[in-house]
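Reading through the structure tokens given below for one structure.
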Amino acid sequence: ALDQAARALPKLHSLLVSHRGTVVFERYYNGTRADRPANVKSASKSVISALVGIAVDRGLIPGVRTPIASYFQALANDPAKKAITVEDLLTMRPGLESTSGRQYGAWVTSRNWVDYALARPMLAAPGASMDYSTGNTHLLSAILTRATKQSTLRFANDALARPLGFTLPPWPTDPQGVYFGGNDMLMTPRQLLAFGELY
């Protein structure tokens, strides 16, 4: 019955069901194969947040209450933005205007995604309200790059993917070479399942 219902969904590529660590159902649809990586879109944000947690655990980032101004000198003379913490980015509460929605196109076609995200006006105090923005997780990728002294891709593979038994292929970067934090990661369904089971 599950397989029949799945086949009725024209855009479904795969369906996996795992129970207590054992895959009990695994099917692929519409020409998709088990070994074909898929763009996991905004699920990438969860991978970025896990990497930040690993960096904190390893002492590479002092803690989630670390001001992001520690990594971005452009904020040194901006009292409101100096109060933004790593936690504010993780919880989508930095107070910055979003780079998602109507702003997304202008952001990803800008010459510097980090500077563009940091230059957004403050619409609320840090921590006050949640406003979904892919720029927040891209800033986290830039922080990871600076804190770990390696690319987000390399850190992701060394600290997360390889211990789970796989390797992440490269995904897009911004014009400065920072791996896109929050979109366009490529994972197979089994890899995404392994990440989910980690939690």
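The values are calculated or read from the model by the stated rules, or taken from the named source; none is laboratory data. In this text the structure is predicted, and so the values were computed from the model without any measurement. So basically every Cβ, Gly included, is an ideal-geometry build from the backbone, and we count neighbours across all protein chains shown. Just the protein is used for accessible areas: all its heavy atoms, side chains included, with ligands, DNA and RNA removed. Shrake-Rupley method; radii C 1.70, N 1.55, O 1.52, S 1.80 Å.
Can you tell me which residues in segment 45-76 are surrounded by 15 or more Cβ atoms within 10 Å (Cβ to Cβ), farther than 22 Å from A161 by Cα and touching a strand residue (DSSP E or B) at 6+ places or on another chain (Cβ under 9 Å)?
Hits for segment 45-76 are V64, T66, P67, I68, L75.
Just the residues that are open to solvent by 40 Å² or more (accessible area, probe 1.4 Å), of a type outside the set (S, T, Y) and under 12 Å from L96 (Cβ atoms), please, taken from segment 131-153.
Within segment 131-153, D131 is the sole residue that qualifies.
Output the residues belonging to segment 6-22 that are loosely packed, with under 12 Cβ neighbours inside 10 Å and of a type outside the set (S, T, Y).
Result: A8, L9, P10, K11, H19, R20, G21.
State whether the residues of segment 174-181 include one that is open to solvent by less than 20 Å² (accessible area, probe 1.4 Å), farther than 20 Å from L60 by Cβ and not in a loop (DSSP other than H, G, I, E, B).
The answer is no, given that none of the residues of segment 174-181 is open to solvent by less than 20 Å² (accessible area, probe 1.4 Å), farther than 20 Å from L60 by Cβ and not in a loop (DSSP other than H, G, I, E, B).
Within segment 33-55, track down each residue that is of a type outside the set (A, V, I, L, M, F, W, C), part of a helix (DSSP H, G or I) and over 10 Å from the mean Cα position of the chain (by Cα).
First, pick out the residues of segment 33-55 that are of a type outside the set (A, V, I, L, M, F, W, C): 33, 35-37, 39, 41-42, 44-46, 49, 53.
Filter again for part of a helix (DSSP H, G or I), leaving 41-42, 44-46, 49, 53.
Listed by number, the list holds a single entry, G53.
Taking the stated definitions as given, is L96 among the hydrophobic types (A, V, I, L, M, F, W, C), in contact with a strand residue (DSSP E or B) (Cβ under 7 Å, 6 or more places away or on another chain) and surrounded by 20 or more Cβ atoms within 10 Å (Cβ to Cβ)?
In short, yes.
Looking at (1) over 15 Å from H138 (Cα atoms); (2) loosely packed, with under 15 Cβ neighbours inside 10 Å; (3) at pLDDT 95 or above; (4) not acidic (D, E), can you tell me which one K41 breaks?
Unmet for K41, out of (1) over 15 Å from H138 (Cα atoms); (2) loosely packed, with under 15 Cβ neighbours inside 10 Å; (3) at pLDDT 95 or above; (4) not acidic (D, E): (1).
Residues checked against (1) over 14 Å from the mean Cα position of the chain (by Cα); (2) within 17 Å of K45 (Cα to Cα):
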position: P121; (1), (2): yes, no
position: G127; (1), (2): yes, no
position: G135; (1), (2): no, yes
position: A147; (1), (2): yes, no
position: R154; (1), (2): yes, yes
position: Y179; (1), (2): no, yes
position: G182; (1), (2): no, yes
position: A194; (1), (2): yes, yes
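What is the one condition in (1) in contact with a helix residue (DSSP H, G or I) (Cβ under 7 Å, 6 or more places away or on another chain); (2) among the hydroxyl-bearing types (S, T, Y); (3) under 21 Å from A38 (Cα atoms); (4) open to solvent by less than 60 Å² (accessible area, probe 1.4 Å) that T167 does not satisfy?
(4)
Being of a type in the set (S, T, N, Q) and touching a residue at least 24 places away in the same chain (Cβ under 8 Å), is that true of even one residue in segment 153-162?
Looking for residues that are of a type in the set (S, T, N, Q) and touching a residue at least 24 places away in the same chain (Cβ under 8 Å), one finds none in segment 153-162, hence no.
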